[in-house]
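Colleague: One structure is given below, represented as C-alpha cells, and several questions about it will come after.
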Amino acid sequence: MKSKYVWLILAGLVALFAVVSCKTTPPAETESTPTQEAATPAPAPAPTPAPAPAQNVPTSPTQADLDALNAAAARAAAARTLVSDFNGSTLFPQDWQSADSLYSQADQQKDNSTQSATQDSTARYNKAADALEALASKTLAQSYDTMEKQITDARDAAVNAGAGDLVPDMLLQADNTTADALAKYQAKDYYGARDAANSALSMYGILTDGIAAYNVRMEIANRGFETYDSDNIAAADDTLRSAADDYSAKNLPSAKAKVDKAAQSYKQSLQTCWHSFATEKGANAGAERQNALNLKANVAVKDDFNSAQTVYTNADTAFQANKFEDAANLYQQSQSMFAAVSQAASAKQQAAQDALQRANQKMTESDETARKAELILQGGAQ
C-alpha cells in the first residue's frame, strides 16, 4: 500500500512538470531527453515593442482655415478691383506693379491641400491685400482731388458764362449734385461718389455750352437776322428748350446732345444770315461804286476812289472765302467811302459848273461892254 501511494505522488509530479513545460518553454529539440527538458526551463520571450508614432503626417485644413483663406483672397481681389476701376495703375504705375505682383503670386501659389499650405496661402493673400488697399487709398485720394479740381473749373466756367444770372435754378441743381458726390465719398461709397461727380461735371458743361448757344441766338436777334433763316432758327429754339427739360429731369446725355444740336443749328443759321446780309451790303456797295463812277470820281478824286476800291476788292475776297461777316463789314466800309468820293466828285463838278457859269457870265458881260464901246465909237465918228 505504502509503495502504491508513493507511485501516485510521483506520477502527479511528472504530470505537473509536463503542464508547466508546455506553457513556458519552446518546443524541445528532437534529440533532447524528457529528463533534460524538465530539469532546464527556457528563458521568457522579449516583449513586443509598441509601434512608433507617425512622423510629419499632413494635417487637413479646418473650416476656419478655409474661411480665412477665402476672406483674404476676396479682400485682395476687392482692393485690386478698386485700384483698377479708379485708374490706380496709371496714376501710380510702380506701386501697382509691386502690389499686383504680390497678388499674382498669391493666386498662382494658392494651395488648400493641407492646413500649413492653406495658412501660407492666406498669409500671401493678406500681404497682397495690404499693399493693394494702401494703393487704393492713394488712388481714391488722387482721383477725388482731380475730380474736385475739374468740377471747380467747370463750375467757374458756367458762372463766368452767366449761369448765375441766366439759369440760377439749373446752377443750383448742379451744385446739389456736387454736394451729393462729396457726401457719398465721405461715406466711402466711392462708386456712387464717382457717378455723382461725373453728373455734376456734365451738368456744369451743359450749362456752359447752353449759354454759348443762347448767346449766338441773341446775336441773331440783336442784328435782326431772324428773317434770313426763320424756320431753322425756330427749330433750334425748340431744341434748346427741350434740352432744358431734359437737364431738369437729369437726363443728361439727351440734354447734352440737344444742346450741341441747337448750338450747331444756331451757328449754321448765323452763317446763313451773315451770307444774306453780306450779299445785301455788297449790292449796296456796288451801287454806290457805280454812282461814283458815273460822277467821274475815279478821275475827279482818283486817290480817294482807289482807296475805296481797295476796300471793296477786299470785301469781295472775304466773301469768296465764306468770311461773310468780314465781307459785310468791308462792303459797308467801302460803301461809305464810295459815297464820300461821290460827294467829293459831285462837289467838284458843281464847282466846275459854277466856274464855267461865271466865266460865261463874264464873257457875256465883256461882249456887252465891247458892243457898247463900239456903238459909242461909231456914234462919235458920225
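Every number here is computed from the coordinates shown, using simple stated rules; none is lab data. Keep in mind that this is a model prediction, so the values were computed, not measured. Ideal geometry is used to build each Cβ from the backbone, glycine not excepted, and the neighbour counts take in all protein chains shown.
Colleague: What is the list of residues in the range 287-302 whose amide nitrogen lies under 11 Å from a point 7 angstrom out from the Cα of Ala351, following Cα to Cβ?
Modeller: Inside the label zone: 301.
Colleague: Moving on to the next point. Once R0 is set to 51 Å, what does the formula 1/(1 + (r/R0)^6) return for the Cβ-Cβ distance between Asn87 and Lys323, expressed as a FRET efficiency to the nearest 0.05?
Modeller: About 0.70, to the nearest 0.05.
Colleague: Compute from the Cα atoms of the range 193-260 the Rg and the Dmax, the latter being the longest Cα-Cα distance, and quote both in angstrom.
Modeller: Radius of gyration, then largest Cα-Cα span, for the range 193-260: 13.8, 48 Å.
Colleague: Another question about this same structure. Sorted from largest down, what three extents in whole angstroms do the Cα atoms of the range 63-143 have along their principal axes?
Modeller: So the three principal-axis extents are 41, 18, 14 Å.
Colleague: Follow-up. Taking the Cα centroid of the range 236-300 and of the range 150-201, what is the distance between the two, rounded to the nearest whole Å?
Modeller: Spelled out, the Cα-based centre of one part sits 33 Å from the other.
Colleague: I've got another one for you. Taking square-rooted eigenvalues a ≥ b ≥ c of the alpha carbon gyration tensor, is the range 275-368 rounded, prolate or oblate, where a/c under 1.5 means rounded and, failing that, a/b exceeding b/c means prolate?
Modeller: Prolate shape, in that a/c is at least 1.5 and a/b is the bigger ratio.
Colleague: Applying a 10 Å radius around every beta-carbon, put 292-302, 328-338 in order of their mean neighbour count, most first.
Modeller: Top to bottom by mean Cβ count within 10 Å: 328-338, 292-302.
Colleague: To continue, here is another question. Here are some pairs, Lys267/Lys323; Lys281/Lys302; Lys261/Lys323; Lys149/Lys267; Lys281/Lys348; which of them have Cα atoms lying more than 19 Å apart in this structure?
Modeller: Lys281/Lys302; Lys261/Lys323; Lys149/Lys267; Lys281/Lys348
Colleague: Principal axis lengths of the range 146-255 from Cα atoms, whole Å, largest first?
Modeller: On the principal axes, the range 146-255 reaches 56, 24, 20 Å in Cα extent.
Colleague: Right, next: Once you place label points 7 Å from the Cα toward the Cβ at Ser276 and Glu368, how far apart are they in nm?
Modeller: A separation of 6.3 nm, rounded to one decimal place.
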